[in-house]
1. Please give the Cα centre distance for segment 148-215 versus segment 65-104, rounded to the nearest Å.
2. So what's the back-of-envelope 222 nm ellipticity for the chain, counting only DSSP H runs of four-plus at -39500 (n - 2.57) apiece and dividing by all residues, rounded to 500?
3. For segment 130-256, what class follows from the C-alpha gyration tensor (a ≥ b ≥ c being the square roots of its eigenvalues): rounded when a/c is under 1.5, otherwise prolate if a/b is larger than b/c, else oblate?
4. Going by C-beta contacts inside 10 Å, put 160, 207 in order with the fewest on the left.
5. Within 10 Å of each residue's Cβ, count the other Cβ atoms and sort 91, 312, 19 from fewest upward.
6. Calculate the spin-label point distance for residue 60 paired with residue 278, positioning each point 7 Å from the Cα along the beta-carbon direction, and give it in nanometres.
7. Just 53, 301, 133 to compare: in a GNM of the chain, with alpha carbon springs under 10 Å, which one fluctuates most?
8. Please arrange 14, 313, 32 by counting, for each residue, the other beta carbons lying within 10 Å of its beta carbon, fewest first.
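Derivation of every value follows stated rules applied to the coordinates shown; laboratory data play no part. Small disclaimer: the values here were computed from a predicted structure and weren't measured. Here the Cβ is made from the backbone with ideal geometry for all residues, glycine too, and neighbour counts use every protein chain on show.
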């Protein structure tokens, strides 16, 4: 089968298309004929092998699974002997490591039925980002009437966080660059802030919840606009530098929470199929709509990664397997 592989860690230059053997599903796994795969910052971390701490799980000198990609949408081609939830021919979406390929294997409990009415490309950009946004809002305990600030509101996680916060009855302020403010408004944000012209931390508004996705603001800046008992959920640093790759703010926030009334819960999302089912229901109800920036063919995956790195993506991009 055709696949995008990497023989080591590094820049986009480590990616190449190759012909490799088709994988076989284990007892609790599903073989998916990939129709589309989503691209997010997590895939960039896998490509670069940063932060270095992740290499203990994915391979110290080179990735154990050389095929890139995790988000997937496609058709079940085979199931393991212990799988009872899916059958050959089912349309599914979820997480399957190595999804930048014609076939990928994923655990049955990390897949769900594809939402009706979505294309495979639209479905492929939901699982990781949509699930992260849902779990972040759950960790923040968002309630009706609360004021919620979302940084990086035009990105993969942010575009879902805005919509999900609105479904919970929150008043939402989204932070993004000027060219992307129209997108954030269309997602349902009540207010928008152009971070290139305005610092959200200098404004008069105070927020019950901050979902911090982009920009790596200091804890002091976040606390400045947080209510006395407010909550900040940091979805993870994106710089990739140092042993923790920017997650030092999460560790410091967790310790700080022991001494103040404001909450900084430590947050790492998990790949839950149950959350996918919840997202599927919201999508089919028309409450949540995936934001698909553009699609690329499989051999154009390096170009898709460059587009992501440049910070030009509105929502997410998908890789189409034709």
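1. About 33 Å separates the Cα centre of segment 148-215 from the one of segment 65-104.
2. Using -39500 (n - 2.57) per qualifying helix, the result is -7500 deg cm²/dmol.
3. rounded
4. 207, 160
5. 19, 312, 91
6. Calculated label separation equals 3.9 nm.
7. Most flexible of the set in this elastic network: 53.
8. Lowest to highest Cβ neighbour count: 14, 313, 32.
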